[in-house]
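The values are calculated or read from the model by the stated rules, or taken from the named source; none is laboratory data. Every value quoted in this text rests on a predicted model; they were computed, and no experiment measured them. Neighbour counts are summed over all protein chains in view; Cβ atoms, including those assigned to glycine, are modelled from backbone coordinates with ideal geometry.
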Amino acid sequence: MEKSYDQDQLQKLIQEELRPWGKFRCYPHQLASSLKIITINPGGCLSLQYHNQRSEYWIILDEGLEITLADKSWQPRPGEEIFIPAKTPHRLKSIGATPSRVMELWLGDSGEEDIVRLEDIYGRV
């Protein structure tokens, strides 16, 4: 993927359609260099990290998460969508009693090596 997208550009590419039974949202997955569903066990915590080569877009699937994005922390609700610009510190933490999931789209050409860890409770560098 050669082009990087900002939040406004990405939002314009997300389509929502209503049906008699409800609705669906269609995400531009073809723009993503990776699409993951991340499961965090109770008490688990991802590194406080940022990425140089990619932005991320998270869709919260379950209750029980705490998000840190730059200097703001909150407990998102299921269905909440969060854009994380490249070079912005962020973290996911499970604060619930059961595993919690988030769907993550990578926007930009990068891999797992594009993680700059600022803090990590597991001692990873």
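Summary of values
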| quantity | calculated |
| --- | --- |
| Single residue of 22, 79, 43, 96 found to be within 27 Å of residue 117 (Cβ to Cβ) and loosely packed, with under 12 Cβ neighbours inside 10 Å | 43 |
| Test: residue 84 is surrounded by fewer than 18 Cβ atoms within 10 Å (Cβ to Cβ), within 26 Å of residue 124 (Cα to Cα) and either out of contact with any Gly (no Cβ under 7 Å at 6 or more places or on another chain) or modelled with pLDDT under 95 (or both) | no |
| From 113, 119, 56, residue being out of contact with any Phe, Trp or Tyr (no Cβ under 7 Å at 6 or more places or on another chain) and free of Cβ contacts under 8 Å to residues at least 60 places away in the same chain | 113 |
| Of residues in region 14-35 being touching a strand residue (DSSP E or B) at 6+ places or on another chain (Cβ under 7 Å) and part of a helix (DSSP H, G or I), the one farthest from residue 110 (Cα to Cα) | 29 |
| Residue among 27, 50, 5 that is of a type in the set (Phe, Trp, Tyr), over 14 Å from the mean Cα position of the chain (by Cα) and surrounded by 11 or more Cβ atoms within 10 Å (Cβ to Cβ) | 5 |
| Enumeration of residues in region 94-125 that are under 16 Å from residue 39 (Cα atoms) and among the aromatic types (Phe, Trp, Tyr) | none |
| Filter pass, residue 124 being modelled with pLDDT of 95 or more, of a type outside the set (Asp, Glu), surrounded by fewer than 17 Cβ atoms within 10 Å (Cβ to Cβ) and not in a strand (DSSP E or B) | no |
| Pick from region 98-121, criterion touching a Leu at 6+ places or on another chain (Cβ under 7 Å) and either of a type outside the set (Lys, Arg) or under 20 Å from residue 10 (Cβ atoms) (or both), ranking: modelled with the lowest pLDDT | 107 |
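Yes or no, residue by residue, for (1) in a strand (DSSP E or B); (2) among the hydroxyl-bearing types (Ser, Thr, Tyr); (3) touching a helix residue (DSSP H, G or I) at 6+ places or on another chain (Cβ under 6 Å):
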{"residue": "12", "(1), (2), (3)": "no, no, no"}
{"residue": "37", "(1), (2), (3)": "yes, no, no"}
{"residue": "49", "(1), (2), (3)": "yes, no, no"}
{"residue": "52", "(1), (2), (3)": "no, no, no"}
{"residue": "57", "(1), (2), (3)": "yes, yes, no"}
{"residue": "67", "(1), (2), (3)": "yes, no, no"}
